[in-house]
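The values are calculated or read from the model by the stated rules, or taken from the named source; none is laboratory data. Treat the numbers as computed from the prediction; the structure is a model and nothing was measured. Counting neighbours? That spans all protein chains shown, and the Cβs are built from the backbone with ideal geometry, glycine included. Accessible surface areas use protein heavy atoms only, side chains included; no ligands, DNA or RNA. Shrake-Rupley method; radii C 1.70, N 1.55, O 1.52, S 1.80 Å.
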Amino acid sequence: MCCIDAGPTISDNIITRNQAWYGGGIYCLRAQPVLTRNRILQNWAKHDFGMWSGWTNGPGVYCDTGSNAVIRANFIAGNRGSNGGGIYAMCSSPIIENNTITLDTAIDFGGGIFCQHSQATIRGNVVMLNHVLGYMGGFGGGIACDSFSGTLDSNIVAGNSIGPYDNTSGGGGLHFRLSNTIMRNNTVTGNVVPFGLGLGLDIDTSTLQIINTIIWGDNCPGGEISTDIIPFLSVAFSDVEGGWSGVNNFDADPLFCPEDSYRLQVNSPCIGAGQNGGDVGAGGIGCYLCGDINGDGAINVGDAVYIVNYLFRSGPPPASPETSDLNCNGTLNIGDAVYIVAYIFKSGPAPCADCP
Ligand SMILES: [Ca+2]
Ligand SMILES: [Ca+2]
């Protein structure tokens, strides 16, 4: 799709396996579209033009000059290009919120999101398992920001990676260069840089204020945070593995729930440890019970009704996909509805009883 000088609402589409020089899935120029609830999957930014053939920018969504797109509640996965695997913004001001951005690949910057010469509000997203190849140095396995200003609030940035090709790479989770950013209530964890500067969070000549954020469990040789100009970095009320100087920071296992939602167990040290007694991190409190599809804390007929509504009547999605796959076959479908009915009414096996 291509939006030039336009402001359409683009919702509930599946946009998959397309290829373009810029913006494999959706390209915007001087546009103000609202993109919502789309599935933008496995698109490529690539051209095949003689000796210049190669990967290009923004394979999923590309916001080019003067685009103030609202990108909300989309599932953006498996896209591939040179920069900004899921979303690429250049000289634009997008609002990027409540999206799931996963399994996207970039060569150089921003496996999930890359904002360059842009302002953005990046809020409530799950940016997970994206990858930067980094043949000649790669930055920001999850999110990269270059000449950026904006806010990152309540995002989960987890399990993103760079490499393993070059030892000048940095920022398995996030990378900032020449940027001015406030980060509040994010969870940054499980990001990987096998070689190089390492680091969950790499900060190059930038002003960055980090509040109420978990930066923990990233697998990087240099530690959780790398920065060249420490005076412009302020970290407060945050849980940083290995510790970090600043007001009310701490270094303690955040006690994530076992279902990989990055929610916090009820005895987590992050609860109430934030500014003004708020919580630290993005994931919410309390673990999901396997089989509690509607997330009300109990397993009963309400959960059977909920999953049938979701599968057949466009009802809201389960509170946690992981704990709603009752028969543990990796998908949510009628089999799970049958399973919970059998458990409640026919003494069938307990939800997730056969899970590894
Ligand atoms: Ca329930
Ligand atoms: Ca299932």
Revision key, fill the gap. 1/(1 + (r/R0)^6) with r = Cβ-Cβ of I334 and Q265, R0 = 25 Å, i.e. FRET efficiency to nearest 0.05, evaluates to 0.20
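If you place +1 on the Cβ of every Lys and Arg and -1 on the Cβ of every Asp and Glu, how big does the dipole about the Cα centre of the chain come out, in debye to the nearest 20?
On the way: 13 positive and 29 negative charges, 192 e Å.
That gives the chain a dipole magnitude of about 920 debye.
If you roll a 1.4 Å probe over the stretch 288-356 with all protein chains in place, what percent of the accessible area is carbon or sulfur? Kindly include the intermediate steps, with their values, before the conclusion.
Numbers: 2190 of 3720 Å².
It is 59 percent, rounded to a whole number.
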Practice item. Work out how much length H47 to V341 would gain on full extension: take 0.36 nm times their residue separation and subtract the Cα-Cα distance, in nm to one decimal. Key: 100.7 nm
**Study point:** Segment N13-T65, length gained on full extension (0.36 nm per residue, minus Cα span)
**Key:** 16.3 nm
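Just the accessible area per residue of the chain, please: how many Å² with a 1.4 Å probe?
Details: 14630 Å² over 356 residues.
In whole numbers, the chain has 41 Å² accessible per residue.
Scaled to the compact-protein estimate 2.2 N^0.38 Å, what is the alpha-carbon radius of gyration of the stretch 1-131, rounded to two decimal places?
0.91
Sorted by packing (mean other beta-carbon atoms within 10 Å per residue), highest first, where do 71-83, 37-49, 91-103, 289-301 land? Walk me through the numbers on the way to the answer.
Details: 71-83: 24.6, 37-49: 19.3, 91-103: 21.8, 289-301: 17.6.
Ranked by mean Cβ neighbours within 10 Å, highest first: 71-83, 91-103, 37-49, 289-301.
Subtract the Cα-Cα distance of S314 and Y135 from 0.36 nm times their separation in residues, and report this length gain in nm to one decimal.
Taking S314 through Y135 to full extension adds about 60.1 nm, to one decimal.
Please compute the net charge surrounding I307, taking Lys and Arg as +1 and Asp and Glu as -1 over other residues with Cβ under 13 Å from its Cβ. Spell out each step's value before the answer.
Details: positive: R313; negative: D292, D303, D325, D336.
After counting each charged neighbour, the total is -3.
So for the stretch 55-143, averaging the separation of alpha carbon pairs under 8 Å that are six or more residues apart and normalising by length, what relative contact order in percent results? Display every interim value, and only then the final one.
Values: 301 pairs, mean separation 24.4, N = 89.
Once divided by the residue count of the stretch 55-143, the mean separation gives 27 percent.
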Review point. For the charge dipole of the chain, defined by +1 on Lys and Arg C-beta atoms and -1 on Asp and Glu C-beta atoms about the Cα centroid, which residue among A252, N130, G78 has the Cα displaced farthest towards the positive pole?
Key: G78
Exercise for review: Place the peptides 153-164, 263-274 in order of packing, highest mean first, counting for every residue the other Cβ atoms within 10 Å and averaging per peptide.
Suggested key: 153-164, 263-274
Check your understanding: Could you give the distance between the Cα centres of the stretch 1-38 and the stretch 309-354, to the whole Å?
Key -> 34 Å
